[in-house]
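These notes concern the structure reproduced below.
The values are calculated or read from the model by the stated rules, or taken from the named source; none is laboratory data. What you are looking at is a predicted structure, and each value in this text was computed from that prediction instead of being measured. So basically every Cβ, Gly included, is an ideal-geometry build from the backbone, and we count neighbours across all protein chains shown.
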Amino acid sequence: MDRLLKILFFAVIVRPIVFIVLGLNLRGKQNLPQQGPAMIAANHNSHLDTLVLMSLYPLSKLHRVRPVAAADYFLKNRFLSWFALNCIGIIPISRAGRQRKAELFAGCHQALDQGDILILFPEGSRGNPEELSEIKRGIYHIVHDRTDTRVTPVMMHGLGRALPRGEALLVPFNCDVIIGNELPEAETAEQLVNGIKESFLELQKYCITCRQV
Amino acid sequence: MFNIPPHSFYAMLVVLGLLLTASTSRLILARRKPDKDYTELRQRIQSWWWMIGILFVCLVISPTAAIILFAFISFLALKEFFSIVPTRQADRRVLFWAYVSIPIQYYLVSIGWYGMFIIFIPVYVFLLLPMRMVLIGETKGFIHSAGTIHWAVMLTVFCISHIAYLLVLPIENPEAGSIGLVIFLLFMTQFNDVCQYIWGKLLGKHKIIPKVSPNKTWEGFLGGVLTIALVSGFLGPYLTPLTFRFSLLAGLLISCSGFIGDVVISSLKRDLEIKDSGTLIPGHGGILDRCDSLMFTSPLFFHFLYYVNY
């Protein structure tokens with residue numbers, strides 16, 4: 001039932017918005033992980049980021065793609081939390097930092113054990129439109145003791161113009177979605193954070209919507 | 001429902017025949033040289049099938065369907081323009097109103113209100129958008145933004161809507177109907193690109209504007225102009241109300257303005273240091289890459305025709 005709801009939501013509402021109202025300049029589609037367990041690390045500018053990344057997958061695989069999202073934001077009221085859990089299928093995570101790591105990431109590990117593909121925004125929040133914020137280390141704590149999960153970096157640009165933080169009016173823009181190669185296994189958190197940051201900057205070179213005159 | 005005027009019907013068959021020839025030649029080529037990579041050629045031809053297929057289906061269904069198609073093309077082109085040309089974050093709401101001009105402009109086309117169609121964007125949108133910008137109040141980069149936004153709307157909405165207006169003009173050549181005008185304009189514009197390319201490949205020596213487009217030559221340009229003028233001279237009386245002489249002139253106009261449109265969009269991309277304006281049409285690039293010449297040929301051909309015949 002949930003699966004059907006999700007498919008309907010994406011087929012009727014999300015996909016027309018992503019592919020017609022917006023529009024993607026997609027590069028590196030062959031790098032997109034097709035089988036879980038896997039982790040996508042993307043930069044974050046807009047609520048649309050999640051919807052765009054999920055639209056890259058066929059409807060039949062949608063239930064396997066799980067965005068990791070802030071519990072304090074998405075579970076703040078009943079409607080939003082019903083929507084986030086059932087229509088999108090998020091894995092809620094607490095940003096308060098009072099929990100122990102094992103507890104904190106239990107939901108993520110459970111999903112990865114099932115063979116799901118996780119979407120994570122290592123910048124933590126959407127920040128200023130189209131600016132990269134500092135990359136947080138949480139992602140390392142999820143993947144470092146798993147031998148089966150690799151991180152695929154994805155750089156997006158343009159969505160922060162289409163629907164930036166705090167705006168309700170969606171303005172059509174094409175956006176770049178550049179999918180990089182899987183990152184090698186990292187020894188330390190710094191190594192992983194730097195690896196993600198470097199590949200974001202590298203992938204940014206292929207964006208065509210961020211030129212300055 | 002499907003009463004296509006005979007001349008337009010035959011023209012459509014010829015175009016489909018050309019496509020079929022292109023596809024078969026590609027297959028033969030691929031079989032003769034199996035080790036060569038023809039992916040781009042294949043994508044290009046496949047995309048042509050899609051574009052022409054969608055156009056013909058809309059033209060055949062009804063003028064309204066075709067007007068909606070051109071409105072959608074304007075939307076895609078405007079969106080692509082705003083996406084690659086830098087605009088300020090503060091202008092988001094202004095851009096929204098620029099998009100709103102599309103349904104209004106094409107509604108004016110559909111009811112055939114010529115007087116309003118021709119001034120709506122150059123007068124009303126031109127004056128209203130800066131007013132909306134003032135209300136937002138961001139003055140840094142104001143001039144640059146106002147110029148960019150209006151140029152974008154003129155090129156992608158105003159210019160392209162002229163193709164749609166051909167469909168609501170009174171019919172003066174009943175054998176070809178209004179579909180004939182659209183097919184004539186689109187075919188001559190695209191054929192001009194092809195001819196200039198082929199003549200340039202065959203004889204090209206003297207560069208015409210090396211700074212913008214190093215592959216464009218005088219030989220390609222002149223060869224294209226002559227070929228198009230001649231073909232247009234013979235095709236014009238068949239598909240449009242124009243006589244042989246005026247068709248010849250229309251061909252000259254389409255060929256020269258098509259060239260200009262092409263290099264104008266090239267300069268824009270060169271300024272932004274990008275190769276293609278998007279990835280919407282496999283093998284071709286973005287919609288602006290495909291409509292570059294058309295944005296210049298449509299209004300010029302339209303007003304030539306309008307002056308001569310209406």
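List of remarks:
Residue by residue, here is whether (1) at pLDDT 90 or above; (2) more than 30 Å from residue A:160 (Cβ to Cβ); (3) in contact with a helix residue (DSSP H, G or I) (Cβ under 6 Å, 6 or more places away or on another chain) holds:
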{"site": "B:40", "(1), (2), (3)": "no, yes, no"}
{"site": "B:62", "(1), (2), (3)": "yes, yes, no"}
{"site": "B:65", "(1), (2), (3)": "yes, yes, yes"}
{"site": "B:74", "(1), (2), (3)": "yes, no, yes"}
{"site": "B:89", "(1), (2), (3)": "no, no, no"}
{"site": "B:93", "(1), (2), (3)": "yes, no, no"}
{"site": "B:101", "(1), (2), (3)": "yes, no, yes"}
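- Filtered by the rule that a residue be surrounded by 21 or more Cβ atoms within 10 Å (Cβ to Cβ) and closer than 25 Å to residue B:167 by Cβ, segment B:121-139 gives B:121, B:125.
- When segment A:35-48 is filtered for residues that are more than 14 Å from chain B (Cβ to nearest Cβ), under 13 Å from the mean Cα position of the chain (by Cα) and of a type outside the set (A, V, I, L, M), the ones remaining, listed by number, are A:43, A:44, A:47.
- In segment B:88-103, residue farthest from the other protein chains (Cβ to nearest Cβ) [restricted to those that are within 15 Å of residue B:73 (Cα to Cα) and surrounded by fewer than 17 Cβ atoms within 10 Å (Cβ to Cβ)]: B:103
- Unique residue being modelled with pLDDT under 90 and farther than 14 Å from residue A:155 by Cα when the list is A:45, A:77: A:77
- Residue-level check: of (1) within 14 Å of another protein chain (Cβ to nearest Cβ); (2) farther than 23 Å from residue B:207 by Cα; (3) outside any helix (DSSP H, G or I); (4) out of contact with any strand residue (DSSP E or B) (no Cβ under 9 Å at 6 or more places or on another chain), residue B:277 misses just (4).
- Selected residue [assigned to a helix (DSSP H, G or I), within 27 Å of residue B:47 (Cα to Cα) and of a type outside the set (D, E, K, R)] from B:248, B:252, B:226, B:294: B:294
- Taking first residues from segment B:63-87 that are free of Cβ contacts under 8 Å to residues at least 12 places away in the same chain and more than 14 Å from every other protein chain (Cβ to nearest Cβ) and partners that are surrounded by fewer than 20 Cβ atoms within 10 Å (Cβ to Cβ) and assigned to a helix (DSSP H, G or I), the Cβ contacts under 6 Å between residues at least 6 apart in sequence or on separate chains come to B:65/B:58.
- Looking across segment A:186-212 at every residue that is among the basic types (Lys, Arg) and within 14 Å of another protein chain (Cβ to nearest Cβ), the one that is nearest to residue B:87 (Cα to Cα) is identified as A:211.
- Members of segment B:30-45 found to be surrounded by 14 or more Cβ atoms within 10 Å (Cβ to Cβ) and in a helix (DSSP H, G or I), listed by number: B:30, B:41, B:42, B:43, B:44, B:45
- Residue within segment B:263-272 that is among the hydrophobic types (A, V, I, L, M, F, W, C), free of Cβ contacts under 8 Å to residues at least 40 places away in the same chain, closer than 26 Å to residue B:287 by Cβ and crowded, with 19+ Cβ neighbours inside 10 Å present: yes
- When A:51, A:32 are checked against the criterion of being at pLDDT 90 or above, of a type outside the set (Lys, Arg), crowded, with 20+ Cβ neighbours inside 10 Å and within 15 Å of the chain's Cα centre (by Cα), A:51 stands alone in meeting it.
- Hits in segment B:178-229 - residues which are among the polar types (S, T, N, Q) and either over 24 Å from residue B:166 (Cβ atoms) or surrounded by fewer than 15 Cβ atoms within 10 Å (Cβ to Cβ) (or both): B:213, B:215, B:217
- Restricted to strands (runs of 3 or more DSSP E) entirely inside segment A:71-185, those with at least 3 residues that are in contact (Cβ under 8 Å) with a residue 40 or more places away in the chain and within 14 Å of chain B (Cβ to nearest Cβ) are A:175-179.
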